[in-house]
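Asks: The following block contains the structure, expressed as structure tokens.
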Amino acid sequence: MTGASGTNAANAAKDAARLTVLSIGPQVTVQDGGRPGHIAQGLSRGGAADPLALLEAAAVLGLAQPGPGLELAGFGGRFRAGADLRLALTGAPMQAEIEGQRLDWNRAHWLRAGQVLSIGGATAGQYGYLTFAAPLRAPLLLGSPSAHLAAGLGSVLRAGDVLEFGPDPDPALPMIALAVADRFSGGSLRIAPGPQTGLFDASCRARLAETDFRRGAQANRQGMRLEHPGAGFSTAAAAGLVSDFVGPGDVQMTGDGLPYILLAECQTIGGYPRIGTVIGADIPRASQSGPGAPLRFHWVTTDEADRLRPDPQAMLAALRRTARPVIRDPATIPDLLAYQLVGGVTAGDDLDRGK
Amino acid sequence: MTDDPQTRSPTRPEILPLGPDGVVLRVALRASDAASARVQALAAALRAAPPQGMAEMATALASVWLRFDPALVSRAEFLARLSPFLDMPADPPPAPVLRRWTVPAAFGGQAGPQLAELAALTGQTEAAAVAGLCAADLRVLAIGFAPGQPYLGLLPPDWDIPRQTALTPQVPAGALVVAVRQVVLFANASATGWRQAGRCAFRPFLPDRAQPFALRAGDAIRFAPVAEAELAALEGGDGLGGARLESLA
């Protein structure tokens with residue numbers, strides 16, 4: 001390449017795509033859709049605890065496919081950009097700012113070269129996601145950049161780490177925001193029959209759906225414990241039961257009859273009996289429920305569960321349809337006078353004519 | 001064959017849903033040689049002629065798990081395509097062994113702190129227990145709990161001993177632990193309710209190894225006794241701990 005523009009492009013490529021981790025919460029990992037295909041070797045798919053948040057990020061950043069993001073468990077960190085980076089904040093809302101300017105959640109933002117992005121604690125929910133439009137260049141471990149800490153794959157981010165990115169596919173895209181329904185405060189989880197549902201008697205299964213649960217203090221990417229007043233949920237078939245396949249969403253009953261919902265990084269085989277499986281569409285709500293959040297179960301049939309099966313491409317298309325360009329509030333524009341406010345004179349009915 | 005309804009194989013596996021795109025074909029609720037043989041026979045048939053829409057398969061001790069691709073088939077269509085595989089003999093011959101491992105292992109002492117307890121529970125001397133564990137022609141019945149970690153079995157019926165009531169806080173990577181006629185070879189240090197008979201330098205999963213997962217379901221394994229002092233020289237390197245692999249295909 002020659003000429004000034006070529007040199008600029010080369011310089012941009014050299015330090016374009018860097019982000020330095022200045023400080024970091026204790027459980028921040030790279031996550032994408034996980035690595036399917038290894039169940040026979042005892043490795044669960046893993047991936048984002050709240051896969052919907054990565055789809056939301058793809059929608060606001062205009063990405064064709066959801067890419068990997070940083071999963072921020074409970075707390076974020078401080079990050080300095082080496083070049084302009086377009087980013088999305090999705091999942092559990094967290095306190096966030098760039099250079100003193102507070103950032104709204106569920107939308108795209110620019111982090112300009114040299115600026116510092118600070119993300120604090122979650123104000124609701126468990127897992128926030130920081131995703132960049134520029135593709136993250138992270139080493140693939142068995143085909144995925146996702147950390148699977150239970151399997152010893154990858155590690156948490158540490159202060160001093162430097163993330164590198166390829167070129168932003170669409171830097172001219174306007175800033176986009178999504179209106180997102182609350183899935184961060186517990187609520188109703190639909191549960192479908194699994195292989196061992198029939199080992200629990202009908203009254204036990206009915207009682208499950210009549211009980212008010214709260215998310216317990218114990219939770220991580222492998223699963224979350226629930227608590228409730230009253231008797232546990234048990235089956236006489238538990239003793240001597242052969243270990244069998246388990247999957248994310250399975251509601252297993254440990255020895256004391258307390259439900260434990262398996263999540264993204266669960267094992268592949270387990271010995272505890274499982275009363276049913278929380279459907280994929282409600283996994284984000286389950287994963288995001290914070291300590292003490294109220295939870296109820298609502299039984300659905302296998303057919304209903306299959307009809308509600310998440311289709312990532314359809315979900316991404318639906319999210320794109322609800323995405324709206326961000327309308328800036330002039331009060332939040334720090335250098336208002338620098339803006340050309342009347343750059344183009346129009347008849348004032350552009351929006352109406354657009355309909 | 002026993003008449004216990006928990007172990008008696010139904011004429012056809014139960015077809016059960018697991019998650020949005022999973023099907024479990026369950027041949028029994030308890031582990032048995034017959035259940036393992038049926039699982040392996042079913043898996044071999046499905047592997048030889050995968051039904052359209054099948055995306056992934058795995059075996060456990062008494063079930064086969066299948067993932068279908070909902071973009072290609074509905075659950076109902078997939079189940080219809082599985083139907084021809086379900087009529088199978090209750091006692092199929094054991095699947096042919098394609099690969100056989102011989103894994104050096106030390107028993108008793110520091111390497112197997114609960115060998116004496118296991119010998120007592122199985123009513124034999126420690127020497128006889130070690131001889132029995134090393135004579136057993138074991139199969140990888142399932143891989144799970146941790147990546148690459150095998151459930152091996154089945155040991156002779158006198159090894160049908162329960163798990164401990166209390167957990168051992170930690171056994172090291174390579175620990176060989178025993179319960180319910182099975183041996184688990186721990187991939188990583190772990191708590192366990194099973195009793196530790198021995199230890200080996202074989203690591204079933206190393207992410208950076210050319211073949212990260214050493215074992216496959218159906219592999220045959222035999223343990224070759226070595227002195228505890230010899231284990232140190234087998235540690236590290238490719239993580240195979242001096243194991244020998246013969247291909248019988």
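Asks: Taking 8 Å as the Cα distance limit and 6 or more residues as the minimum spacing, I'd like the relative contact order of chain B as a percentage.
Replies: 20 percent
Asks: Determine the shielding of peptide A:40-49 by partner chains: average, over its residues, the number of Cβ atoms on other chains within 10 angstrom of each Cβ.
Replies: Details: counts 13, 14, 17, 9, 2, 2, 0, 0, 0, 0.
Mean partner-chain Cβ count within 10 Å for A:40-49: 6.
Asks: For the range A:99-112, what does the Karplus curve 6.51 cos²θ - 1.76 cosθ + 1.60, with θ = phi - 60°, yield as ³J(HN,Hα) per residue in whole Hz, taken in order and with x for Gly and Pro?
Replies: Values per residue, Gly and Pro as x: 6, x, 8, 5, 10, 6, 8, 6, 7, 8, 9, 9, 10, 7 Hz.
Asks: Summing +1 for each Lys or Arg and -1 for each Asp or Glu, what net charge is found among the other residues whose Cβ lies under 11 Å from the Cβ of B:GLU56?
Replies: 0
Asks: Show me B:207-220, A:274-287 ranked by packing, highest mean number of other Cβ atoms within 10 Å first.
Replies: Working: B:207-220: 16.9, A:274-287: 24.9.
By packing density, highest mean first, the sequence is A:274-287, B:207-220.
Asks: With 18 Å as the cut-off, how large is the P(r) tail for the range B:14-86, expressed as percent of Cα-Cα pairs?
Replies: Details: 822 of 2628 pairs.
In whole percent, the share of Cα-Cα pairs in the range B:14-86 beyond 18 Å is 31.
Asks: Once you wrap a convex hull around the alpha carbon atoms of chain B, what is its projected area averaged over all directions, in nm²?
Replies: 14.4 nm²
Asks: Write down the Kirkwood hydrodynamic radius of the range A:164-235, to one decimal in angstroms, obtained as one divided by the mean of 1/r over all alpha carbon pairs.
Replies: Details: mean 1/r = 0.0596 Å⁻¹.
One over the average 1/r among Cα pairs gives 16.8 Å for the range A:164-235.
Asks: Once you sort the root eigenvalues of the Cα gyration tensor of the range B:91-238 as a ≥ b ≥ c, which label holds: rounded (a/c under 1.5), prolate (a/b larger than b/c) or oblate (the other case)?
Replies: Numbers: a/c = 1.42, a/b = 1.13, b/c = 1.26.
It is rounded, given that a/c, with a ≥ b ≥ c, falls under 1.5.
Asks: With a 10 Å cut-off between alpha carbons and a GNM built on chain A, which of A:GLY292, A:GLY187, A:GLY100 moves the most?
Replies: A:GLY100
Asks: Now, a different point. Compute the convex hull volume of the Cα atoms of the range B:1-131, divide it by the residue count, and report the result per residue in Å³ as a whole number.
Replies: Residue-normalised Cα hull volume stands at 166 Å³.
Asks: Sticking with this one: Among B:167-179, B:137-149, A:135-147, A:43-55, how do they line up by average Cβ neighbours within 10 Å per residue, starting with the highest? Numbers along the way, then the final one.
Replies: Working: B:167-179: 19.5, B:137-149: 24.1, A:135-147: 17.2, A:43-55: 26.8.
Highest to lowest by the protection proxy: A:43-55, B:137-149, B:167-179, A:135-147.
Asks: Still on this structure, I have one more. Over chain A, what is the relative contact order in whole percent, taking alpha-carbon pairs under 8 Å and six or more residues apart?
Replies: Normalised by residue count, the contact order of chain A is 19 percent.
Asks: Taking amide hydrogens as modeled 1.01 Å from N in the peptide plane, which residues meet the under 5 Å criterion relative to A:GLN222, leaving out close sequence neighbours?
Replies: Residues meeting the criterion, in which the H sits 1.01 Å from N, are A:GLU265.
Asks: Starting from the amide H of A:LEU258, placed 1.01 Å from N in the peptide plane, find each other amide H under 5 Å away whose residue is 5 or more places distant or on another chain.
Replies: Long-range HN contacts for A:LEU258: A:PHE233.
Asks: Once you wrap a convex hull around the alpha carbon atoms of the range A:187-307, what is its projected area averaged over all directions, in nm²?
Replies: 6.7 nm²
Asks: With θ set to phi - 60° and the Karplus curve 6.51 cos²θ - 1.76 cosθ + 1.60, what are the ³J(HN,Hα) couplings of the range A:226-240 in order, to the nearest whole Hz, using x for Gly and Pro?
Replies: So the Karplus estimates, Gly and Pro as x, are 10, 10, 7, x, x, 5, x, 10, 9, 9, 5, 6, 5, 5, x Hz.
Asks: Additional query: Please report, to one decimal in angstroms, the Kirkwood hydrodynamic radius of the range A:246-288 built from all distinct Cα-Cα pairs.
Replies: Numbers: mean 1/r = 0.0959 Å⁻¹.
Hydrodynamic radius (Kirkwood, Cα only) of the range A:246-288 equals 10.4 Å.
Asks: Now a separate question. Using θ = phi - 60° and the Karplus curve 6.51 cos²θ - 1.76 cosθ + 1.60, what whole-Hz ³J(HN,Hα) does each residue of the range B:126-132 get, with Gly and Pro shown as x?
Replies: Here the 3J(HN,Hα) series is 4, 4, 5, 5, 5, 4, x Hz.
Asks: When the expected Rg is taken as 2.2 N^0.38 Å, what fraction or multiple of it is the alpha-carbon Rg of the protein assembly as shown?
Replies: 1.08
Asks: Hull surface divided by four, with the convex hull built on the Cα atoms of the range A:36-132: how many nm²? The partial results should precede the final answer.
Replies: Values: hull surface 27.3 nm².
Its average projected convex-hull area is 6.8 nm².
Asks: Also, I was wondering about something else. Given the Cα atoms of the range B:82-177, and with Rh set as the inverse mean 1/r over their pairs in the Kirkwood sense, what is Rg to Rh to two decimals?
Replies: Value, to two decimals: 1.02.
Asks: Let me ask something else. Round to a whole angstrom and tell me the spacing of the C-alpha centers of the range A:100-176 and the range B:220-249.
Replies: Here the answer is 43 Å between Cα centres.
Asks: Still on this model: What Kirkwood hydrodynamic radius, in Å, does chain A give when the mean of 1/r is taken over all pairs of distinct Cα atoms and then inverted?
Replies: Evaluated on chain A, it is 22.1 Å.
Asks: Once amide H atoms are built 1.01 Å from N in the peptide plane, which residues 5 or more positions from A:ILE176, or in another chain, come under 5 Å H to H?
Replies: A:ALA108, A:VAL326
Asks: For A:ASP104 and A:THR254 in one chain, what is 0.36 nm times their gap in residues minus the Cα-Cα distance, to one decimal in nm?
Replies: 50.0 nm
Asks: Please identify the DSSP H helices in chain A that span no less than 18 Å along the helix axis (Cα) and have a mean Kyte-Doolittle hydropathy of -1.0 or more.
Replies: Flagged H segments are A:3-15.
Asks: Here's something else I'd like to know. Take the alpha carbon atoms of the range A:179-247, find their center, do the same for the range B:50-116, and report the distance between the two centers in whole angstrom.
Replies: First find each Cα centre; the distance between them is then 27 Å.
Where a number appears in this text, it was derived from the coordinates with a stated rule and is not lab data. All values derive from a computational prediction rather than experimental measurement. We place every Cβ from the backbone using ideal geometry, glycine too, and count neighbours over all the protein chains shown.
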